[in-house]
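Take a look at the structure set out below.
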Amino acid sequence: MRLSQLQGAILAGGRATRMGGQDKGLVQLNGQPLWQRVYTRLAPQTGGVMISANRNIAEYQKSGLPVVQDTLSGFPGPLAGMLAVLASSDREWFLFCPCDVPGIPQDLARRLWENKQAAPAAWVHDGERDHPTIALVHRRLQAPLREYLQAGERRVMVFLRQAGGVPVSFAGQHSAFANVNSPDDLILWQENN
């Protein structure tokens, strides 16, 4: 498969409680919304990008990108956004990235693809911790993911492991996966980028 066949997806559908409830994807980082920073890095690695969002839909739609909303109510977390994206496209493989990780590497898709082996999913491990929402996922996980969520489960890492996913090492690139979770994080990013 060519990476140009990958469907990219930015996860921007959360509550962002640590950001004071603001829509994190629309928070400005040096004059640019966070989601757009992620898009700039994700788009060249995929055959197209869509946004998973649950608020400010019209604002995201101004981008011209497809915007997908959760099919499950109550903000059940990133897996609900992943499920909505998997259900909205007939692509085989999906590359997910949260809207609050503006420094993802330029070779993210290639490295996940080359190291996934025969697994139906692969996620980033930065040498210190897992980043399960930065993941390459095959569409065949749609049905088991729906069942998992309908059973009341929400933990991304648990689902990916149960589904036979594998971690891919990005050791030495810890800073590339730093999140902008809070106003303090935002200040640090603005000062250093």
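Looking at this structure, is Ala143 at pLDDT 95 or above, out of contact with any strand residue (DSSP E or B) (no Cβ under 8 Å at 6 or more places or on another chain), more than 24 Å from Ser4 (Cα to Cα) and not in a strand (DSSP E or B)? If you could, list the steps in order and put the result at the bottom.
Numbers: at pLDDT 95 or above: yes; out of contact with any strand residue (DSSP E or B) (no Cβ under 8 Å at 6 or more places or on another chain): yes; more than 24 Å from Ser4 (Cα to Cα): yes; not in a strand (DSSP E or B): yes.
Judged against the criteria, Ala143 is a match.
Six or more apart or on different chains, Cβ under 6 Å: which pairs go from a residue in region 21-33 that's closer than 13 Å to Arg55 by Cβ to one that's among the charged types (D, E, K, R) and surrounded by fewer than 20 Cβ atoms within 10 Å (Cβ to Cβ)? Could you list them?
Hits for this filter: Asp23/Arg55.
Can you give me the number of residues within region 124-140 that are surrounded by 17 or more Cβ atoms within 10 Å (Cβ to Cβ) and assigned to a helix (DSSP H, G or I)?
Number satisfying all stated conditions: 1.
Could you list all residues from region 146-167 that are more than 18 Å from the chain's Cα centre (by Cα) and either part of a helix (DSSP H, G or I) or crowded, with 21+ Cβ neighbours inside 10 Å (or both)? Let's see the steps before the verdict.
Within region 146-167, the first condition is being more than 18 Å from the chain's Cα centre (by Cα), and the residues that meet it are 147-148, 150-153, 162, 164.
The answer is Glu147, Tyr148, Gln150, Gln162.
Here is a list of conditions, (1) buried (at least 18 other Cβ atoms within 10 Å of the Cβ); (2) closer than 15 Å to Ala135 by Cα, and Arg110 meets all of them except one; can you say which number that is?
(1)
What helices (runs of 4 or more DSSP H) lie completely within region 1-107 and have 2 or more residues being among the small types (Gly, Ala, Ser) and under 14 Å from the mean Cα position of the chain (by Cα)? It would help to see each step written out before you state the result.
Working: elements: 34-42, 57-61, 78-88.
Counting at least 2 such residues, we get 78-88.
In this structure, is Gly103 more than 14 Å from Leu11 (Cβ to Cβ), crowded, with 16+ Cβ neighbours inside 10 Å and at pLDDT below 95? Explain how you work it out, then say what you get.
On the way: more than 14 Å from Leu11 (Cβ to Cβ): yes; crowded, with 16+ Cβ neighbours inside 10 Å: yes; at pLDDT below 95: yes.
Yes; evaluated as a whole, the condition is true for this residue.
Among the residues of region 159-177 satisfying the criterion of being farther than 20 Å from Arg140 by Cα and out of contact with any Phe, Trp or Tyr (no Cβ under 8 Å at 6 or more places or on another chain), which is modelled with the highest pLDDT?
Ser169
Which residue pairs have Cβ atoms under 7 Å apart, sit 6 or more places apart or on different chains, and have a first residue in region 106-125 that is of a type in the set (Phe, Trp, Tyr) and a second that is at pLDDT 95 or above and assigned to a helix (DSSP H, G or I)?
Trp123/Leu160
Name the single residue that is surrounded by the fewest Cβ atoms within 10 Å (Cβ to Cβ) among those in region 88-97 being within 13 Å of Ile51 (Cα to Cα), touching a Lys or Arg at 6+ places or on another chain (Cβ under 9 Å) and of a type outside the set (Ser, Thr, Tyr). Quick ask: steps written out before the conclusion?
First pass over region 88-97, keeping only residues within 13 Å of Ile51 (Cα to Cα): 88-89, 94-97.
Then keep just the ones that are touching a Lys or Arg at 6+ places or on another chain (Cβ under 9 Å); that gives 89, 94, 97.
Among the residues that remain, those that are also of a type outside the set (Ser, Thr, Tyr) are: 94, 97.
On the way: Phe94: 23, Cys97: 28.
Per the criteria, the residue is Phe94.
The values are calculated or read from the model by the stated rules, or taken from the named source; none is laboratory data. Remember, predicted model here, so these are calculated numbers, not experimental data. Neighbour counts run over all protein chains shown; Cβ positions are idealised from the backbone, glycine included.
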